[in-house]
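J.: Next up is a structure, given as structure tokens.
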Amino acid sequence: MVAQLTPEAVRPDAEPDRDEQWHPLVRVLFRFGFVCVGIGMAAVWLVHALLRSFGVPQEMVTELGRWTALHPLTDWVGRQFFDVRVDYTPTGSGDTATHWVSLFTLLLVSAVVTLVWSVLDRRRRGYPRLYAWFRLLLRATLVSALLLYGMMKLLPSQMSFNLERLVQPFGEMSPMAVLWAQTSLSEPYEIALGAAEVVAGLLLVLPVSAGLGSILSVIVALQVFLLNLTFDVPVKIFSFQLLAYATILAAPDIHRIVKALTGRALPVRRPEPLLTTARGTRILLVAQVVFGVWLLITTFLECHDAWRTHGTARPQSPFYGIWNVTEYTVADQQLPPLVDYTEAPSSSVLGANDRFRRIIFDIPIGITVQRMNDALTSFPARIDTDRQIITISKDLAHQYPIAMFGYQQPQPNRLILTGQVAGRPVRMQLDQVDLDRYPVVSRGFNWVQPAPYFK
């Protein structure tokens with residue numbers, strides 16, 4: 001009787017027949033999974049991914065996201081069940097209260113739809129063809145997600161190295177910042193992670209290699225999900241969804257692998273019954289190839305642009321590096337480098353008496369200031385190399401400047417900044433730090449090590 005609890009109840013490795021009887025519990029679970037996982041999750045992601053690949057403006061995709069999140073029903077559920085005001089404004093997090101409320105709403109709707117479907121279609125013996133289309137939908141969704149996230153690592157832009165991590169105290173870093181920093185410090189490792197995701201996505205494109213692709217997808221999705229859980233990365237919901245898709249797809253192949261390892265004979269696996277004609281099957285196969293090629297090209301172009309703008313190939317500041325502030329003068333009075341732990345670590349206000357410890361020049365459009373209590377604050381900045389002026393502002397358009405400095409560079413590793421901060425004259429001398437002093441950068445790879453290197 002246990003064998004009846006699978007869609008392939010009589011012949012798990014062969015094509016289910018139309019007359020094959022599914023277990024009643026399996027029929028109910030399939031209906032729920034098709035509505036919740038297939039339509040409510042996978043199809044929504046796939047539509048968004050395709051719209052983005054065709055260049056649909058992000059505003060339209062965001063507005064569509066409100067309705068695919070079951071607005072306004074989700075709004076009502078948030079108020080009535082959780083006393084939460086649902087806000088669909090993108091924040092970069094996939095685990096906001098809105099996402100959780102939307103997921104709860106989807107589960108409720110799916111349960112109701114499943115109940116109605118089960119009553120109206122109670123005489124149905126099974127859903128072999130719909131099950132095959134459900135698997136195709138999951139494959140397409142996994143292809144789009146794995147190619148996107150894999151390409152972001154293959155062309156490193158998801159985790160890019162930031163100079164400020166070299167001087168930020170480890171204990172003040174969030175778990176997610178630790179994960180991002182350690183991954184970005186080894187570009188080959190990040191590229192290898194991306195390559196695994198891209199290969200899994202490409203294998204899923206064609207039916208003949210989809211089994212291998214689904215198993216590889218389980219491995220990469222499980223790793224991502226565990227990292228998101230253990231390093232508090234706010235993509236827990238979506239990474240679990242990807243793991244669920246991969247597990248559903250890989251289940252029949254894992255079953256076959258277990259049988260093979262235990263020495264049992266394996267029957268030939270017949271194709272899934274998507275279409276009834278050979279011509280239709282050929283057209284569908286061509287469509288899958290076109291779909292995979294299209295996503296491969298569009299994700300490559302999108303991620304290549306990200307790699308060039310904010311990834312490891314991004315432009316660098318003219319003064320790229322970490323600069324220690326060795327002298328700091330306010331109105332001709334030396335300000336000693338005293339640590340003041342009463343200063344708010346996250347303060348974005350820049351005052352003349354806020355003695356700097358370091359200034360970090362990384363990207364061309366900003367700087368990071370490290371105060372004497374080690375707090376790091378980033379500001380939009382513009383460096384005019386023709387006029388030799390550095391402008392620090394509250395906004396990227398520099399409509400609200402905070403400070404303006406003229407600079408001199410008497411030596412390649414020394415800068416003299418003279419200007420005003422909060423209306424008071426300030427002069428600073430900056431000496432560049434040799435990045436090789438940081439073992440995390442200079443240590444490199446060693447085949448021969450006399451002893452473990454813990455420094």
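J.: Quick check on the range 136-144. Is at least one of its residues in the same structural domain as Ala69 (by TED's automatic domain parsing) and free of Cβ contacts under 8 Å to residues at least 12 places away in the same chain?
T.: Taking the range 136-144 and keeping what is in the same structural domain as Ala69 (by TED's automatic domain parsing), we get 136-144.
Retained after the next criterion (residues that are free of Cβ contacts under 8 Å to residues at least 12 places away in the same chain): none.
No: zero hits.
J.: From the list Gly263, Gly311, Gly321, pick out the single residue that is surrounded by 12 or more Cβ atoms within 10 Å (Cβ to Cβ) and at positive phi. Break it down stepwise before answering.
T.: Working: Gly263 fails: surrounded by 12 or more Cβ atoms within 10 Å (Cβ to Cβ); Gly311 fails: at positive phi.
One residue alone meets the criteria, Gly321.
J.: Would you confirm whether any residue within the range 366-373 is farther than 19 Å from Glu164 by Cβ, modelled with pLDDT of 90 or more and touching a Ser or Thr at 6+ places or on another chain (Cβ under 6 Å)?
T.: Going through the range 366-373, the residues farther than 19 Å from Glu164 by Cβ turn out to be none.
No, because not a single residue in the range 366-373 is farther than 19 Å from Glu164 by Cβ, modelled with pLDDT of 90 or more and touching a Ser or Thr at 6+ places or on another chain (Cβ under 6 Å).
J.: Asp332: surrounded by fewer than 19 Cβ atoms within 10 Å (Cβ to Cβ) and assigned by TED's automatic domain parsing to the domain that holds Ser378, yes or no?
T.: Values: surrounded by fewer than 19 Cβ atoms within 10 Å (Cβ to Cβ): yes; assigned by TED's automatic domain parsing to the domain that holds Ser378: yes.
Answer is yes for this residue.
J.: Condition test on Glu59, is it in the same structural domain as Asp305 (by TED's automatic domain parsing) and surrounded by 14 or more Cβ atoms within 10 Å (Cβ to Cβ)?
T.: Values: in the same structural domain as Asp305 (by TED's automatic domain parsing): yes; surrounded by 14 or more Cβ atoms within 10 Å (Cβ to Cβ): no.
No; evaluated as a whole, the condition is false for this residue.
J.: Turning to a different aspect of this structure: Which ones in the range 222-255 are closer than 25 Å to Gln288 by Cα and either touching a residue at least 40 places away in the same chain (Cβ under 8 Å) or of a type in the set (Ser, Thr, Tyr) (or both)?
T.: Within the range 222-255, Phe238, Ser239, Gln241, Leu242, Ala244, Tyr245, Ala246, Thr247, Ile248, Leu249, Pro252, Asp253 qualify.
J.: While we're here: Looking at this structure, is Tyr88 touching a Pro at 6+ places or on another chain (Cβ under 9 Å) and among the aromatic types (Phe, Trp, Tyr)?
T.: Details: touching a Pro at 6+ places or on another chain (Cβ under 9 Å): no; among the aromatic types (Phe, Trp, Tyr): yes.
In short, no.
J.: I would also like to ask the following. Output the residue which, of all residues in the range 266-303 that are within 36 Å of the chain's Cα centre (by Cα) and assigned to a loop (DSSP other than H, G, I, E, B), is surrounded by the fewest Cβ atoms within 10 Å (Cβ to Cβ). Walk me through how you get there before you give the answer.
T.: First, the residues of the range 266-303 that are within 36 Å of the chain's Cα centre (by Cα): 269, 271-275, 281-303.
Then drop every residue that is not assigned to a loop (DSSP other than H, G, I, E, B), which leaves 269, 271-275.
Details: Arg269: 14, Pro271: 11, Glu272: 18, Pro273: 17, Leu274: 15, Leu275: 16.
The selected residue is Pro271.
Each row is one residue, and each column tells you yes or no for (1) over 23 Å from Glu327 (Cα atoms); (2) among the aromatic types (Phe, Trp, Tyr); (3) not in a loop (DSSP other than H, G, I, E, B).
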{"site": "Leu417", "(1), (2), (3)": "no, no, yes"}
{"site": "Gln420", "(1), (2), (3)": "no, no, yes"}
{"site": "Pro425", "(1), (2), (3)": "no, no, yes"}
{"site": "Met428", "(1), (2), (3)": "no, no, yes"}
{"site": "Asp431", "(1), (2), (3)": "no, no, yes"}
{"site": "Val440", "(1), (2), (3)": "yes, no, yes"}
{"site": "Asn446", "(1), (2), (3)": "yes, no, no"}
{"site": "Ala451", "(1), (2), (3)": "yes, no, no"}
{"site": "Phe454", "(1), (2), (3)": "yes, yes, no"}
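J.: Another question, then. Going through the range 416-441 one residue at a time, which ones are of a type in the set (S, T, N, Q) and modelled with pLDDT under 90? Talk me through it step by step, then tell me what you get.
T.: If we filter the range 416-441 for residues that are of a type in the set (S, T, N, Q), which is where we start, we get 418, 420, 429, 432.
The one that is of a type in the set (S, T, N, Q) and modelled with pLDDT under 90: Gln420.
J.: Let me ask something additional. Restricting the first residue to the range 154-172 and requiring it to be touching a residue at least 12 places away in the same chain (Cβ under 8 Å) and within 15 Å of Ala306 (Cα to Cα), which pairs with a second residue that is of a type in the set (D, E, K, R) and outside any loop (DSSP other than H, G, I, E, B) meet a Cβ separation below 6 Å and a spacing of at least six or different chains?
T.: Pairs found: Pro156/Glu187; Pro156/Glu190; Met159/Glu190.
J.: Can you confirm whether Thr299 is under 24 Å from Ser214 (Cα atoms), polar (S, T, N, Q) and modelled with pLDDT under 90? Reasoning before the result, please.
T.: Working: under 24 Å from Ser214 (Cα atoms): yes; polar (S, T, N, Q): yes; modelled with pLDDT under 90: no.
So Thr299 fails the test.
J.: I would also like to ask the following. I'm trying to understand the selection: among the residues of the range 354-395, which are assigned to a loop (DSSP other than H, G, I, E, B) and either outside the structural domain of Asn413 (by TED's automatic domain parsing) or more than 16 Å from Gln316 (Cα to Cα) (or both)? It would help to see each step written out before you state the result.
T.: To start, the set of residues in the range 354-395 that are assigned to a loop (DSSP other than H, G, I, E, B) comprises 354-355, 362-365, 372-375, 385-388, 394-395.
Correct list: Asp354, Arg355, Met372, Asn373, Asp374, Ala375, Asp386, Arg387, Gln388, Lys394, Asp395.
J.: Given the options Val2, Val35, Val10, Val61, name the one that is at pLDDT 90 or above and of a type in the set (A, V, I, L, M).
T.: On the way: Val2 fails: at pLDDT 90 or above; Val10 fails: at pLDDT 90 or above; Val61 fails: at pLDDT 90 or above.
On inspection, the qualifying residue turns out to be Val35.
J.: Of all residues in the range 413-455, count the ones that are touching a residue at least 60 places away in the same chain (Cβ under 8 Å), aliphatic (A, V, I, L, M) and touching a strand residue (DSSP E or B) at 6+ places or on another chain (Cβ under 6 Å).
T.: 6
J.: In addition: Any chance you could count how many residues in the range 364-375 are among the aliphatic types (A, V, I, L, M), buried (at least 20 other Cβ atoms within 10 Å of the Cβ) and within 29 Å of the chain's Cα centre (by Cα)?
T.: Start the filter on the range 364-375 by keeping residues that are among the aliphatic types (A, V, I, L, M), which leaves 365, 367, 369, 372, 375.
If we keep only those that are buried (at least 20 other Cβ atoms within 10 Å of the Cβ) as well, we get 367, 369, 372.
Right, trim to within 29 Å of the chain's Cα centre (by Cα) and you get 367, 369.
So the count comes out to 2.
J.: Based on what the data block shows, is Gly444 surrounded by 16 or more Cβ atoms within 10 Å (Cβ to Cβ) and of a type in the set (Gly, Ala, Ser)? Walk me through how you get there before you give the answer.
T.: Details: surrounded by 16 or more Cβ atoms within 10 Å (Cβ to Cβ): no; of a type in the set (Gly, Ala, Ser): yes.
Answer is no for this residue.
J.: Which residues, counting only those in the range 62-105, are within 22 Å of Leu50 (Cα to Cα) and either touching a Gly at 6+ places or on another chain (Cβ under 7 Å) or among the aromatic types (Phe, Trp, Tyr) (or both)?
T.: Trp67, Tyr88
The values are calculated or read from the model by the stated rules, or taken from the named source; none is laboratory data. Bear in mind the structure is a predicted one, so any value in this text is a computation, not a measurement. For neighbour counting, all protein chains shown are included, and Cβ atoms are generated from backbone atoms with ideal geometry for every residue, glycine included.
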